[in-house]
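Student: Mind looking over this structure? Questions follow.
The values are calculated or read from the model by the stated rules, or taken from the named source; none is laboratory data. As the structure is a prediction and not an experimental result, all values here were calculated from the model. As a convention, Cβ positions derive from the backbone with ideal geometry for all residues, glycine included, and neighbour counts pool all protein chains shown. Heads up: the accessible areas ignore ligands, DNA and RNA and are worked out on the full protein's heavy atoms, side chains in. Shrake-Rupley method; radii C 1.70, N 1.55, O 1.52, S 1.80 Å.
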Amino acid sequence: MLTPRLLIAEAMAMTVLARAATALLPFPLLLRLVVRVAASPAADAQDIAHICHAVSRIAHWPVRWAVCLPQALAAHWMLARRAIPSQIQFGVRSRSGALSSHAWLVCNGRRVLGHRAGLTYQPVFAFPPQKAV
C-alpha cells in the first residue's frame, strides 16, 4: 500500500482528471473510461477503505469541488490500478416534482463511496455491468 501522502497525491491527480473528464466529455465517451478489471483473489478491504477515504477527503478540500461522479470515477480508477474491481452505480429520485441523480461506487457487493447519499436514490444503471453467470 502507498504511504498516506502518496495516496493523497494520487487521489488528487485522479479526482482532478475525473472532474475534467465529467465536465468535458459526453456521457457515452465517459463510460469508455470506466475500466473492467478481472476479480482479484485478495482485494484488501483496508486498501478499499483507504482509497475511498483519500478521494473523499480530496473532493472536500478546501471546499467541496468534486461531486459524486468524479469521486466515484477517481476511486474506480485507483482501485483498478490495484486490480480491485468496482462498479459505478447511478440512481435517481424525485422530490417535489424535481428529478435528481447520484452516483456511488460499489466494490465486492458493498457500497463504498457516496453510499450515504445514495441510500435515498433508486438504482437505475451500473457500469461496468456485471457479467451474467
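Student: Among the residues of region 115-133, what is the count of those that are modelled with pLDDT of 85 or more and either closer than 20 Å to ILE58 by Cα or part of a strand (DSSP E or B) (or both)?
Tutor: 6
Student: Take ALA49 and decide whether it is open to solvent by 40 Å² or more (accessible area, probe 1.4 Å), in contact (Cβ under 8 Å) with a residue 24 or more places away in the chain and out of contact with any Leu (no Cβ under 8 Å at 6 or more places or on another chain).
Tutor: For ALA49, the condition - open to solvent by 40 Å² or more (accessible area, probe 1.4 Å), in contact (Cβ under 8 Å) with a residue 24 or more places away in the chain and out of contact with any Leu (no Cβ under 8 Å at 6 or more places or on another chain) - is met.
Student: THR22 passes all but one of (1) open to solvent by 40 Å² or more (accessible area, probe 1.4 Å); (2) farther than 19 Å from GLN130 by Cβ; which number fails?
Tutor: Going through the list (1) open to solvent by 40 Å² or more (accessible area, probe 1.4 Å); (2) farther than 19 Å from GLN130 by Cβ, THR22 breaks only (1).
Student: Give all pairs with beta carbons closer than 8 Å in which a residue from region 92-106 that is without any contact (Cβ under 8 Å) to a residue 24 or more places away in the chain meets a residue that is open to solvent by 80 Å² or more (accessible area, probe 1.4 Å); count only pairs at least 6 apart in sequence or on separate chains.
Tutor: SER100/SER94
Student: Looking at VAL34, VAL63 in this structure, which one is aliphatic (A, V, I, L, M) and surrounded by fewer than 14 Cβ atoms within 10 Å (Cβ to Cβ)?
Tutor: VAL63
Student: Another question about this same structure. Has region 35-46 got at least one residue that is over 22 Å from ASN108 (Cβ atoms) and over 11 Å from the mean Cα position of the chain (by Cα)?
Tutor: No, there is no match, as no residue in region 35-46 is over 22 Å from ASN108 (Cβ atoms) and over 11 Å from the mean Cα position of the chain (by Cα).
Student: Restricting to region 5-19, name every residue that is surrounded by fewer than 16 Cβ atoms within 10 Å (Cβ to Cβ) and touching a helix residue (DSSP H, G or I) at 6+ places or on another chain (Cβ under 8 Å).
Tutor: LEU17
Student: Does GLY97 satisfy being farther than 17 Å from MET14 by Cα and open to solvent by 30 Å² or more (accessible area, probe 1.4 Å)?
Tutor: yes
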